[in-house]
Amino acid sequence: MKKTVCLIGKPNVGKSTIFNRLIKENKSIVLDTPGVTRDRIYGDVIYKDKTFLLIDTGGIEDGDDNWNKDIIMQANLAIDESDVIVFVVDGKEDISSSDLKIRDILMKSKKRVIVAVNKIDNKDRLDLIYNFYELGFPVVLPISASHNLGFTELLDEICKDIGDNILDNDNRLKFCLIGRPNVGKSSLINALLNETRVIVSDIAGTTRDATDTPFMYQGEEYVAIDTAGMRKKGRIYENIEKYSLMRSLKAIDNSDVCVLVVNAEEGIIEHDKHILSYAIEAGKGIVIAVNKWDTIENPDKEIKTWKKNLESHFVFANYANVVFLSAKTKKRIHTLMPAIISSYENNKKEIKTSDLNNVIVEAVTMHEPPSYKGKRLKIYFVNQTDNKPPKFTFQVNNKGLVHFSYERYLENRIRENFDLSGTPIILKFKNKNGD
């Protein structure tokens, strides 16, 4: 599982700019207005032969208002989950009361802290970093996020204790149950195992940590991962739905298939879609399990309505395998494992190049790409270049001519001809000349 690093600091010291530099994309909103980053934002960082999960947090101020308490709560959770903390300070300013407040929080955490003195964009300002040794941390590094200076040294320091990526030799299929608290994830694992292996309670957040549970199914061993409601080191975090994402992300990263559990009594909420989007971005197999199906009157009739609602809410994952079941009564529980296994097999599927090209040639013949300013997209060749999830690379005359609607058409034709239910797929277009 990836190591985790978080950025901590007061507002407007450049955390979001640093975050974007490290993950090499513009994912955090960057404005001069303090407090723009309210929720934790996550991204993967790849440096040399190492990778880690990076968290951007909201700016902590020296105050007691509810807004600041909420941000401190988020930051505390990020600190609890992190292996290394980068404490970002403004090199153009003196140490402030907010810096001291953050210093006290970090000292209590007992985590390894790197002080990154931002806005040191020329040699004349290097001496300014020595003021920040007063914070009491041994590692103080000068950087400039706006000028991209000092990041090699920062990454070297971050990765000092992060081991090389090691291939996972565990061939067991691992799947995690994700979704908001109290939708029945723990009950579902117990029903699947036909025993009480996980504590179940009506109180949201009963599951404290992501729990790996090995079990046998039809002679094969699998691992189910139940994701947590939030509690760490004796502290109960409020707004559990809002803070459950961190451990869900770690579980997603360690899984082959992600099962989004939806409460049939309460329906689909935005938080479900938000978490599922992370599973899709991670390229995992996808299953949607509608739990508490025993509470639905006229289930045979309602299943059609539910399928339409799922298609509407999860239009970005209309390929997901969907099951309707009840952990309480175990009705239809037998449908879950086949859906998980199917998603996994399709996620790692490899398709013969000749079969793939035959499908694409037929697709282009039936529906030629639209022309743009007298130019038309030409597809010369396509092959599968990766799996988990399946990735298809198209050799074309000009990738700039690929319209999103035609890309969707090609994806649909591939899915129609090859069983890729339960998995996202990636289409990549590459100019024939190599650009």
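The values are calculated or read from the model by the stated rules, or taken from the named source; none is laboratory data. Computed from a predicted structure; not experimentally measured. Cβ placement follows ideal geometry from the backbone for every residue including glycine, while neighbour counts extend to all protein chains displayed. Surface accessibility is based on the protein's heavy atoms, side chains included, excluding ligands, DNA and RNA. Shrake-Rupley method; radii C 1.70, N 1.55, O 1.52, S 1.80 Å.
Tabulated data for the structure shown
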{"item": "Hits in segment 96-114 (condition: among the aliphatic types (A, V, I, L, M) and either open to solvent by less than 50 Å² (accessible area, probe 1.4 Å) or under 18 Å from THR4 (Cβ atoms) (or both))", "result": "ILE102, ILE105, LEU106, VAL113, ILE114"}
{"item": "Within segment 359-370, tally of residues that are among the hydrophobic types (A, V, I, L, M, F, W, C) and either exposed (fewer than 12 other Cβ atoms within 10 Å of the Cβ) or touching a residue at least 24 places away in the same chain (Cβ under 8 Å) (or both)", "result": "4"}
{"item": "Count of residues meeting criterion [touching a residue at least 12 places away in the same chain (Cβ under 8 Å), open to solvent by 60 Å² or more (accessible area, probe 1.4 Å) and either polar (S, T, N, Q) or over 26 Å from VAL259 (Cα atoms) (or both)] in segment 424-434", "result": "3"}
{"item": "Qualifying positions in segment 24-54 - closer than 20 Å to ASP156 by Cβ, among the aliphatic types (A, V, I, L, M) and modelled with pLDDT under 85", "result": "LEU53"}
{"item": "Some residue of segment 416-423 being open to solvent by 80 Å² or more (accessible area, probe 1.4 Å), touching a residue at least 24 places away in the same chain (Cβ under 8 Å), out of contact with any Phe, Trp or Tyr (no Cβ under 8 Å at 6 or more places or on another chain) and in a strand (DSSP E or B)", "result": "no"}
{"item": "Contacts under 8 angstrom Cβ, first residue in segment 129-151 being closer than 19 Å to ASP94 by Cβ, partner among the charged types (D, E, K, R) and surrounded by fewer than 18 Cβ atoms within 10 Å (Cβ to Cβ), 6 or more apart", "result": "ASN131/ASP94; LEU141/GLU153; LEU141/GLU157; PRO142/ARG125; ILE143/GLU153"}
{"item": "Index of the failed condition, ALA279 passing every other in (1) in contact (Cβ under 8 Å) with a residue 12 or more places away in the chain; (2) outside any strand (DSSP E or B); (3) over 17 Å from ALA224 (Cβ atoms)", "result": "(3)"}
{"item": "Of the criteria (1) closer than 22 Å to ILE341 by Cα; (2) modelled with pLDDT under 90; (3) among the basic types (Lys, Arg), which one LYS284 fails", "result": "(2)"}
{"item": "Set LYS284, LYS307: member being at negative phi and under 19 Å from the mean Cα position of the chain (by Cα)", "result": "LYS284"}
{"item": "Test: residue in segment 376-383 that is in contact with a Ser or Thr (Cβ under 8 Å, 6 or more places away or on another chain), in a strand (DSSP E or B) and either closer than 30 Å to ALA289 by Cα or touching a residue at least 12 places away in the same chain (Cβ under 8 Å) (or both)", "result": "yes"}
{"item": "Of the criteria (1) hydroxyl-bearing (Ser, Thr, Tyr); (2) over 23 Å from ILE414 (Cα atoms); (3) free of Cβ contacts under 8 Å to residues at least 12 places away in the same chain, which one SER312 fails", "result": "(2)"}
{"item": "Count of residues meeting criterion [part of a helix (DSSP H, G or I) and either in contact with a Lys or Arg (Cβ under 6 Å, 6 or more places away or on another chain) or loosely packed, with under 15 Cβ neighbours inside 10 Å (or both)] in segment 346-358", "result": "5"}
{"item": "Odd one out for LYS373, checked against (1) free of Cβ contacts under 8 Å to residues at least 12 places away in the same chain; (2) within 30 Å of TYR278 (Cβ to Cβ)", "result": "(2)"}
{"item": "All strands (runs of 3 or more DSSP E) inside segment 82-198 with 3 or more residues being more than 30 Å from VAL223 (Cβ to Cβ) and either modelled with pLDDT of 90 or more or under 24 Å from the mean Cα position of the chain (by Cα) (or both)", "result": "84-90, 112-118, 139-142"}
{"item": "Tabulated pairs, segment 288-307, first without any contact (Cβ under 8 Å) to a residue 24 or more places away in the chain, second assigned to a loop (DSSP other than H, G, I, E, B), C-beta under 9 angstrom, 6+ apart or interchain", "result": "GLU302/ALA264; GLU302/ILE296; ILE303/ILE296"}
